[in-house]
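The structure under discussion appears below in the form of structure tokens.
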Amino acid sequence: MEPTSEPDTGSPPAGERRPRILVVCATRHGSTVEVAAAIAEELRGAGADADVRPAPLGADPAAYDAVIVGGPMIMGWHKDALRYLARNREKLAAVPTAYFITAAALTGTGDDQVDGVPIVTDTWLAKAPRDPKKLRYKERHARPAHYLEKPLKAAPQVRPLSVAFFAGSLDLTTMSIFEKLFVMLVVGATPGDGRHWDAIREWARGLPALLTPRTP
């Protein structure tokens, strides 16, 4: 599994406080926690203090300078991530926020935003539709706009500054029969670990400047 400990080489200028960033993670069987850990490593290396907390425990966004919320797509975005957004929507609206979503399939629409929210798509995950003018059912289901519909509805006052879509890890042995049928027939996903660590870390390295801009 990729996340390896890396030295914390980032440091703010003398006398300047390190920004505190909360990484909230929902997970089914642990693979998304590893993505959150890799993001936190990069944040620390870029000069931030980063804490990874599970979504069900409900870490308080008000104690941080910025918040990142992540979780996997299975049959919709993980319910713990959606519940965290809904419970904390007022506090999240008051701090810079970003989301990350791991998935087994994504239709590459070429868009760089959804409803005004900037998005980043993993090149390992996004697949061009057969006919961009006439999407098939699976392709419509796997559009970034479809995946983001419930997260944006759960906390409409929160406008994330970036949403990243990454390839996840799909283990059919951990799923119910109904879930297997859904991901294979509806999503059209391929089992296996597709996580693209370079893409994850690259996105994470840019987050401190985006979420905690320095004042002149």
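Between Arg143 and Thr107, the built amide H atoms are under 5 Å apart, and every one of these is 5 or more places off in sequence or on another chain. Residue-wise HN-Hα couplings along the range 82-91, as the Karplus relation 6.51 cos²θ - 1.76 cosθ + 1.60 with θ = phi - 60° gives them from phi, are 5, 5, 4, 4, 5, 5, 10, 4, 5, 5 Hz; Gly and Pro carry x. From the square roots a ≥ b ≥ c of the eigenvalues of the alpha-carbon gyration tensor of the range 104-176, which class results: rounded (a/c under 1.5), prolate (a/b over b/c), or oblate? The shape class here is oblate.
Among rounded, prolate and oblate, which fits the range 53-152 when a ≥ b ≥ c are the square roots of the eigenvalues of its C-alpha gyration tensor, a/c under 1.5 means rounded, and a/b larger than b/c means prolate? Don't skip to the answer; put the middle values down first.
Values: a/c = 2.57, a/b = 2.05, b/c = 1.25.
In terms of gyration-tensor shape, prolate.
Listed values for the range 116-130 are Karplus-derived 3J(HN,Hα) couplings in whole Hz (6.51 cos²θ - 1.76 cosθ + 1.60, θ = phi - 60°), namely x, 9, x, 10, 10, 10, 5, 5, 6, 9, 5, 10, 5, x, 4, and x replaces Gly and Pro.
Tell me, what is the FRET efficiency for Ala145 and Arg205 to the nearest 0.05, using R0 = 22 angstrom and their Cβ-Cβ distance as r? List each step's numbers first, then the result.
Numbers: r = 26 Å, r/R0 = 1.20.
So, using R0 = 22 Å, E works out to roughly 0.25.
The HN-Hα couplings worked out from phi for the range 18-34 by the Karplus form 6.51 cos²θ - 1.76 cosθ + 1.60 (θ = phi - 60°) are 6, x, 9, 10, 9, 10, 9, 10, 9, 8, 9, 9, x, 5, 6, 4, 5 Hz, whole numbers, x standing for Gly and Pro.
Under 1.5 on a/c is rounded, so check that first for the range 20-211, then, if it is not, pick prolate when a/b is larger than b/c and oblate when it is not; a ≥ b ≥ c are the square roots of the alpha carbon gyration tensor eigenvalues. Prolate, because a/c is 1.5 or more and a/b exceeds b/c.
How much length would be gained if the chain were fully extended between Asp112 and Lys134, taking 0.36 nm per residue of separation minus their Cα-Cα distance, in nm to one decimal?
On the way: separation 22, 0.36 × 22 = 7.92 nm, distance 1.99 nm.
The span from Asp112 to Lys134 would gain 5.9 nm if fully extended.
Under the combined filter of DSSP loop state and at most 15 neighbouring Cβ atoms within 10 Å, the range 135-171 retains these trypsin sites (Lys or Arg not before Pro): Arg136.
The alpha-carbon of Lys91 sits under 17 angstrom from the alpha-carbons of these lysines, leaving out residues fewer than 8 places away in its chain: Lys153.
Bear in mind these aren't lab numbers, they're just calculated from the coordinates by the rules spelled out. Just so we're clear, the structure is a prediction, and the values are computed from it rather than from any experiment. Cβ: placed from backbone, ideal geometry, glycine included. Neighbour counts: every protein chain shown.
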